[in-house]
């Protein structure tokens, strides 16, 4: 029964490990939750779930597995006299029996025993008919043993709650596949920060000094190092207008989050797709444009490039010269995008539109191909993926000294939940 | 199980929180607590220590903290100075080993409570460096070649503000609890604990306005429990009449003494705009 629960949790996307599962069993045996179904729920949650983002998934699986058990449980309380149950709880299984069954390695076995006991009880008590009937046939009879079952008699009052906690699904918002707020975004983008020692050597290197002093037979030998500074440079391209209007808020949040995270950040706007020019000020978008050629010349290839756009348009706007909806472009958008990806090896496209719908839009597919599949949704997971792509070190030969330096010690993007 | 934590006269614990604490205490595992700022994460450890009558050790983690500092530090600089001055102490390295909070907790005669506060502030490797220490409750002092073992497995409470994700290996060893923002009933009990005998009407009105403020979309920093408590303190100190609170439609005016609730100018500004809009509509 609980083994099934364990596997259902894993299937449901809660990353539970065997160690944690064993801890839960240990806690049950230690009698931490010989309380109600609700206590069991709390105990299971505190031992198995280690991130509030997974609370919702846990709730769903729990509801699915234990719903029947809960109903059964209520029936029991309704139909069986209290003293009877209390006595049963005390008598059902002795400590040695529990240990013996544990040793045999099977909760299933344990359930068998319990079921037998209940069968015996039936012979002697008329009142028990309905309960045992249910228990015998239901797959959830298992729950009869685990501690909530034993507590049945005493716990009656605790269980009156109309809505079960796990059915309320209060933790829906923490699931990380949903979109995110500025703060979360900042946290995600922070992973992109890279520190390098730059500038004058003006900080005392304590470890180095001690080391050097020791080598110097105890005579002080001061060592200095340069300060660590954030060394990530970013070019941000934001799509404005048209189909992006729905996503403008998300974009702005991304923008405001990005601003505080990097030392060098340049941002530009474009409409629908990248052509020969972009602009920095939406009010003067036709007056003060920046040619993309100039960008390619100005910013070194060590810049990381982030495009934000839904890439939803007519495919011709990407593939054909003159495809732009606003002006006559001599060269197709795909050509300009090609130049971009060639100049900046670390480039990603963030797409605020729902990732499920990407496949159905031709222009999104084309754009994905153009950026070598480096298109990510604007969710924490998506951002993690994008940051991972942006952090990839450049190939040899391109490595310039001005941006050498170590990354923040090894934080890899978290593995996917399964 | 001998003792159970069930909240205290100063701290209201929900059922699920009690369960998490008791499970962690029974099995001797660290308990990781997350939650919005101001929901009493740090206070929890103090209250556990108080209610179970145990000594308390605190380790406040900063961005520069190293895991090693919680165990012990080797004060090499003092030793260097002493050696230059010809101090006799220099010959025994143990003189320069400074105990950290974890060591102190391990040394305690009775089972202590150890709070590791804001573990997410430290470097990303910090939790990984504590795996063995938290699991086996022992560590090795290389300088003196001595194994330090916990006399009594301490009750460890770790708090995190979610600024960094914690490594899986670390999480696996902990029990986890997320302190949800309290609902109105729980909040009323919390306020009652802090300000016993508060006028019923004032409490009801204050809570009403408070939750309305919290639910305003787009707030940068939502007010939390501690802010509510401050606010109520102010209301009591200023002797505000509940009728004044009631007469104020929070949609039309800023809540009275809003400085205690709204902590940055953007939020105040947002509120003013909403108020302005609502006035024009009516």
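For every residue, the table says whether it meets (1) under 17 Å from residue B:30 (Cβ atoms); (2) modelled with pLDDT of 85 or more; (3) over 17 Å from the mean Cα position of the chain (by Cα).
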site	(1), (2), (3)
A:20	yes, yes, yes
A:24	yes, yes, yes
A:37	no, no, yes
A:50	yes, yes, no
A:57	no, no, no
A:60	no, no, no
A:66	no, no, yes
A:69	no, no, yes
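In this structure, is residue B:66 touching a residue at least 40 places away in the same chain (Cβ under 8 Å), in contact with a helix residue (DSSP H, G or I) (Cβ under 7 Å, 6 or more places away or on another chain) and surrounded by fewer than 18 Cβ atoms within 10 Å (Cβ to Cβ)? Spelling it out, it is not the case that residue B:66 is touching a residue at least 40 places away in the same chain (Cβ under 8 Å), in contact with a helix residue (DSSP H, G or I) (Cβ under 7 Å, 6 or more places away or on another chain) and surrounded by fewer than 18 Cβ atoms within 10 Å (Cβ to Cβ).
Elements of the type helices (runs of 4 or more DSSP H) sitting completely within region A:1-50 and holding at least 3 residues that are surrounded by fewer than 21 Cβ atoms within 10 Å (Cβ to Cβ): these cover A:2-11, A:18-29. Tell me, please, whether a residue that is modelled with pLDDT of 80 or more, assigned to a loop (DSSP other than H, G, I, E, B) and away from every other protein chain (no Cβ under 14 Å) can be found in region A:399-415. No, region A:399-415 contains no residue that is modelled with pLDDT of 80 or more, assigned to a loop (DSSP other than H, G, I, E, B) and away from every other protein chain (no Cβ under 14 Å). Checking each residue in region B:162-173 for being under 13 Å from residue A:48 (Cα atoms) and facing chain A (nearest Cβ under 7 Å) picks out B:171, B:172.
Note on region B:168-211: residues that are more than 20 Å from the chain's Cα centre (by Cα), assigned to a loop (DSSP other than H, G, I, E, B) and touching a residue at least 40 places away in the same chain (Cβ under 8 Å) total 2.
Of everything listed in (1) in contact with a helix residue (DSSP H, G or I) (Cβ under 6 Å, 6 or more places away or on another chain); (2) more than 14 Å from every other protein chain (Cβ to nearest Cβ); (3) farther than 30 Å from residue A:42 by Cβ, the single unmet condition for residue B:98 is (1). Going through region A:324-340 one residue at a time, which ones are assigned to a loop (DSSP other than H, G, I, E, B) and in contact with a strand residue (DSSP E or B) (Cβ under 8 Å, 6 or more places away or on another chain)? Matches in region A:324-340: A:324, A:325, A:326. Checked across region B:254-264, the condition of being within 14 Å of chain A (Cβ to nearest Cβ) and out of contact with any helix residue (DSSP H, G or I) (no Cβ under 7 Å at 6 or more places or on another chain) holds for at least one residue.
The values are calculated or read from the model by the stated rules, or taken from the named source; none is laboratory data. Computed from a prediction, not measured in an experiment: that's the story for all the values here. Quick reminder, even Gly has a Cβ in these numbers, built from the backbone with ideal geometry, and neighbours come from all protein chains shown.
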